Amino acid sequence: MNEDSSVKTSTEKTSSPVCVGTEDDLKKQRKTMVTVHGREVVIFCHAGMFYAMDCRCYHAGGPLHLGEIEDFNGQPCIVCPWHKYKITLATGEGLYQAVNPREPSSSPKWRSKGVKQRTHSVAVEGGNVYVTLSDLDCRKDSDYYADKFNKRINYPV
Ligand code: FES
């Protein structure tokens, strides 16, 4: 059997960390658009922590780098500028408020739709910030818009 060890899977090609800037610059900018292995990623710096996620909102492709960060239910979230969906920075969960219909007098409570937005790992080493893409074989709702916009970047018409 003739196996070519130089042939890499799509996951292997995109799993190496990429330096996206210095810690100082990214802290000053607070929201920074970068490209990691051809993918549009936004880096957020909030309360001294770095977060990374795909730039296009899972709902309809809104530009998350233009949203504002607010706390909901004790979790920092990006609020999409297009339709105000709330997405947790740490996990990419979509949050919404709902009232339990069995308790009509109760006040709305924050609930999770589950992980909708693809997030990525961020590490700081030697004053530089590195992003490692998450496993692209495990699909997230936001991948539809990431793929659509990445095609536009890579193959302009
Ligand atoms: Fe983000 Fe609709 S596109 S909330």
(message) In whole percent, and with a 1.4 Å probe on the protein chains, what portion of the accessible area of the chain is carbon and sulfur?
(response) 50
(request) Just name one of 22, 96, 149: the one whose Cα is farthest towards the positive end of the charge dipole of the chain (beta-carbon charges, Lys/Arg +1, Asp/Glu -1). (result) 96
(message) In whole Hz and in residue order, list the ³J(HN,Hα) couplings for segment 72-83 that follow from phi through the Karplus curve 6.51 cos²θ - 1.76 cosθ + 1.60, θ = phi - 60°; x for Gly and Pro.
(response) 10, 6, x, 10, x, 10, 8, 9, 4, x, 7, 10
(request) Could you calculate, for segment 57-135, the ratio of the Cα radius of gyration to the Kirkwood radius, expressed as Rg to Rh? (result) 1.08
(message) Keeping every protein chain present and rolling a 1.4 Å probe, give me the accessible area per residue for segment 30-151 in Å².
(response) 50
(message) Relative contact order for segment 18-157: what percent, with Cα pairs under 8 Å and sequence separation of 6 or more?
(response) 24
(request) Note down, for the chain, the three equivalent ellipsoid semi-axes (square root of 5 times each alpha carbon gyration tensor eigenvalue), biggest first, whole angstrom. (result) 31, 20, 15
(request) Take 120, 59, 46, 83 and sort them by solvent-accessible surface of the protein heavy atoms, 1.4 Å probe, largest at the top. (result) 83, 59, 46, 120
(message) Net charge around residue 19, counting only other residues with Cβ within less than 12 Å of its Cβ (Lys, Arg = +1; Asp, Glu = -1)?
(response) -3
(request) Calculate the dipole size of the chain relative to its Cα centre from +1 charges on Lys and Arg beta carbons and -1 charges on Asp and Glu beta carbons; express the result in debye to the nearest 20. (result) 660
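The values are calculated or read from the model by the stated rules, or taken from the named source; none is laboratory data. Here the structure is a predicted model, which is why all the values come from computation and not from measurement. Don't worry about glycine lacking a Cβ; one is built from the backbone with ideal geometry, like all the others, and counts go over all protein chains shown. Please note that ligands, DNA and RNA were not included when accessible areas were found on the heavy atoms of the full protein model with its side chains. Shrake-Rupley method; radii C 1.70, N 1.55, O 1.52, S 1.80 Å.
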